[in-house]
Amino acid sequence: MWCALPGYAAVLAVYISVVRLIGRDRELAALRLLLDRAVAGTGGVLVMYGPPGAGMTALADAAAGQGRRRGFAVARVAAGPAAPARLVWAQLVRAAGGPAEVARRLLEEDAEPLDLDRAAEALVSAGPRLIVVDDLDRGGSAAVQVLPVLAARVAGSATAVVVTASAALGTGSEIRVGPLGEEDLGVLVGEDRPEVRRALWLASGGLPGPGLSLAARLSDLSAGTDAVVQLALRAPPRAAFLEVDSPLIRLLETAAGREMEDSLRARVLARLARELLADPGAATRRRDLADEALALARGAGEPAVLAEVLDARLHALWDPAAAGDRLAAASEIIDLARAAGEDAQERSGMFWRFIALMELGRVSEAESALAAFERAARLAGDAEAMVMVTARHAMLATLRGRFGDALRLAEQVEEAGNRIGLADTPALVGTLRGMVLNERGPLEKAAGAVDLLLDAARHHPGHLYEATAAGVLAALGRTPEAAAELQRALPWVLRGSGPRWLVAAAGLALAAGAAGDREAAEALYEALAPYRGRLVIQGGANAVLCPVSYYLGLLTAVLGRWDEAITLFSEAVSLAGEIGALPAAAHARTSLADALAARSGPGDQGAAEEQRRQARSIAERLGMGVLLASLPPGANLWRLRRDDGDWLLEAGAEHARLRDARGLHYLRALLAAPGRDIPALDLVAGGAGVHPQAAGPVLDEQARSAYRRRLADLAEELAAADRAGDPSRSERLQAEQQALLAELRRATGLAGRAKEVSPEAERARVNVTRTLRATLDRISQAAPRAAAHLQASIRTGGACRYEPGPGGPGGWDV
């Protein structure tokens, strides 16, 4: 019956607003001052900004409430990332009775400054008007750019504008809304027990939103449950990766000093060890805590607890030397979590498996592990996990040289991460974009990464960002600066560890190579040698660089050990080729060419020129502007062009005029796309041909099923070998797995469907092969050197390819 009481709802709303705004006297005073100024005819803009959970929406509600009570005409809207950028302003214009055309123009991409000014004019009122926009920056920069235009219009009016945002916008009066004090938070949540009140304050960071949420969860605890311990285990992480969350660490330390059963103590100690990863000086303490937690968890005999502790231990003791152990532990986490029915913990084990496989260079298995993690995350509706998945797909796109895809995926990471308030989003997106920038350039933009890294080093000492900066400086040709950072960071890296260590050591290897520092090269070689055959990955594989062999090759080159350097660079080329890492292959081929030229043995100069040619070919196809800028200009360009109905072939000293024929059209298409398969049907069609219905599969269903059963058995055997820490058995099983996968890929089309052979495709294969061979025979009569190169480089079949072999040009002009 309460809803029928006159005015009760309004009174209740005011009461709730007052309760939620405990500790916000400064903000309320600023609101009152803004309204006073508007009444006096000197309106303005007030921006209140702060982190999610600081109570921005409550402040927006309070502003609207104050305005109504004082007789203002109030319009309140909220921005969102899914809506058109300036929709909030168009809504306000319509609500104010402004022209429909003005509102419409705001929503168009080509809206000009004059359109924004017309909209601002429509929002200004002669009488008291209050405009409240919540979360303005969620609408993006296009939404924010209206605000300064409106600020100029309201200055001499009775219109007041209140905006909330996550960061300062640089317009009007601005107030940062920070955390509440411990006492105020206690009053807000109704908690008067001093130790629980303090635990809530530490767990929430003093933010009202998380504080209220955590307090509500405490009400569900059974009698006798220690609220402090539960808060230590339930407190959401707020710091980004490798940032120290001091309040959470203090809470965990407080909880660790209280009496509790072994399973709870194991969880508290494990989480404390995990959070201390951000403290580079706590390595010994982390290990002691992780060891004690693991012993307690194994003794407790609870699979879910043991899985949680193993996961935290992997974070706490994250070090490149333990990649094999991480792979075994990930398999154990998955098994334990499945036994306990802990889906979230199982997903964590899946992700650890992906990271470890990437570190070990087992990329095809890692991609399968990522796909399994993605399926599980999608089924669970795990938004944070889906951001992680998208970021790793962006990393893999960069690894393969699909830079456009990588940037598109990075945008998705930014949008989704910001939407769910993921603390790591800016750093993650910056890394993804930075990796593309380092390859594509321009160099002046890539140089900005140095400042960001050195700034990170100042704010996160001990995490070796200076070493990464040294590598970037070396790549930019700023050798003296790279050498200086090398000398500063080398002692820290040589005695360091942690998830950034391998990236840091690789950065210093680049700097040592550029500076020719023999002493540093010797020390770094000894440090990196145990990881030969692996990939250099950053953190949770959000960035992957070149194979370790590449950096070892740079160091041996500094030392003048040319035979060893050539072997190492060749290994790097091979591994990069196996995993489809074209940018890494281009870098390794470039360095291999330099090493061959420096050794200058029989045939080395020719081999060096061929490696440079292939590196340049890759770099040109991918748009690797930074590498191209460091390579000597392409030489020995050959041409195949039309001329008055005939074709002109210019290959060095050889020149030939050839009559038009179908084979020359096929040849031109292949030369224009070196290294790429073109179906014979497409060559016949002069483009993407019509691919007819096939007659039958390459492999019948019985054979494909047998292959798949063996692959499933191999996956189980590999997991068992990983758990047992048996690398030799893993290697044998992996070789068999790769062979079977290659055969299945050969016989499998899109979406796993069996490849089929049609009569038309077979006729195209035969005709194109015969035609190309006849064309090359004609060329051999007029240009034998060019024909020899083409005959060694043209591959024919159902799909044809120009794979440049030795003795060819630096490139083709077709």
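The values are calculated or read from the model by the stated rules, or taken from the named source; none is laboratory data. Everything numeric in this text was worked out from a predicted model, so none of it was measured. Here the Cβ positions follow ideal geometry from the backbone for every residue, glycine too, while neighbour counts run over all protein chains shown. Quick note on the areas: whole protein, heavy atoms, side chains included, nothing else; ligands and nucleic acids left out. Shrake-Rupley method; radii C 1.70, N 1.55, O 1.52, S 1.80 Å.
Name the shape class, rounded, prolate or oblate, that the alpha-carbon gyration tensor gives for the range 432-575, where a ≥ b ≥ c are the square roots of its eigenvalues, rounded holds for a/c under 1.5, and otherwise prolate holds if a/b is larger than b/c and oblate otherwise.
Taking the square roots of the gyration eigenvalues as a ≥ b ≥ c, the range 432-575 is rounded.
Using only protein heavy atoms and a 1.4 Å probe, report how much of Met386 is accessible, in Å² to the nearest 10.
It works out to around 40 Å².
Please work out how much accessible surface Asp110 shows to a 1.4 Å probe, ignoring ligands, DNA and RNA, in Å² rounded to 10.
In the full protein context, Asp110 sits at about 90 Å².
Let me check I've understood the local charge: for Ala122, count other residues with C-beta under 15 angstrom from its C-beta, Lys and Arg +1, Asp and Glu -1. What total comes out?
For residues surrounding Ala122, the net value is +3.
In the range 225-342, with Lys and Arg counted as +1 and Asp and Glu as -1 at Cβ, which of these residues, Ala304, Ala316, Leu294, has the Cα nearest the positive end of the dipole, that is, farthest along it?
About the Cα centre, the residue reaching furthest to the positive side is Ala316.
Can you say what percent of the DSSP beta bridges in the chain, counting only those with both residues inside, are antiparallel? Round to 5.
45 percent
If you roll a 1.4 Å probe over the heavy atoms of the protein chains, what accessible area per residue do you get for the chain, in Å²?
45 Å²
Around Thr42, what is the net charge, scoring Lys/Arg as +1 and Asp/Glu as -1 over all other residues with Cβ under 14 Å from its Cβ?
Net local charge, Thr42 excluded: +2.
Rounded if a/c is under 1.5, else prolate if a/b beats b/c, else oblate: with a ≥ b ≥ c from the C-alpha gyration tensor eigenvalues square-rooted, which is the range 146-239?
prolate
As I understand it, the value is the acute angle between the Cα axis of helix 465-475 and the longest principal axis of the Cα atoms of the chain; what does it come to in degrees, rounded to 10?
That helix lies at roughly 40 degrees to the long axis.
If I fit a long axis through the Cα atoms of helix 383-400 and take the longest principal axis of the Cα atoms of the chain, what angle between them do I get, 0 to 90°, rounded to 10?
30 degrees
Report, in degrees rounded to the nearest 10, the 0 to 90 angle that the Cα long axis of helix 403-420 makes with the longest principal axis of the chain.
Roughly 20 degrees, rounded to the nearest 10.
Around Ala73, which amide H atoms from residues at least 5 apart in sequence, or from another chain, sit under 5 Å from its own amide H, with H modelled in the peptide plane?
Arg129, Leu130
Rank by packing, highest mean first: peptides 200-210, 652-662, with packing defined as the count of other Cβ atoms within 10 Å averaged across residues.
Taking the mean over residues of other Cβ atoms within 10 Å, the ranking is 200-210, 652-662.
In debye, nearest 20: dipole of the range 143-212 around its Cα centre with unit charges on the Cβ of K, R (+) and D, E (-)?
I would put it at about 320 debye.
So how much accessible area does Thr468 have, in Å² to the nearest 10, using a 1.4 Å probe?
My reading of the accessible area for Thr468 is about 20 Å².
Can you tally the net charge around Glu182? Count Lys and Arg as +1, Asp and Glu as -1, for every other residue whose Cβ sits under 9 Å from the Cβ of Glu182.
Taking every Cβ under 9 Å from that of Glu182, the sum is 0.
Can you order the peptides 500-511, 781-792 by their average number of other Cβ atoms within 10 Å per residue, highest first?
In decreasing order of mean packing, 500-511, 781-792 become 500-511, 781-792.
With all pairs of different alpha carbon atoms counted, what Kirkwood hydrodynamic radius in Å does the chain show?
Details: mean 1/r = 0.0321 Å⁻¹.
Result for the chain, one decimal place: 31.1 Å.
Report the GluC sites (Glu not before Pro) located in the range 251-299 that are in a DSSP loop and have at most 13 other Cβ atoms inside 10 Å of their Cβ, or state none.
When the GluC sites (Glu not before Pro) of the range 251-299 are filtered for loop state and at most 13 Cβ neighbours within 10 Å, Glu259, Glu261 remain.
Leaving ligands, DNA and RNA out of it, report the carbon-plus-sulfur percent of the accessible area of the chain at a 1.4 Å probe.
Whole-percent figure for carbon plus sulfur exposure: 52.
What number, rounded to the nearest 500 deg cm²/dmol, is the helix-based mean residue ellipticity at 222 nm of the chain, given -39500 (n - 2.57) per DSSP H run of at least four residues and division by all its residues?
Result for the chain, helices only: -20500 deg cm²/dmol.
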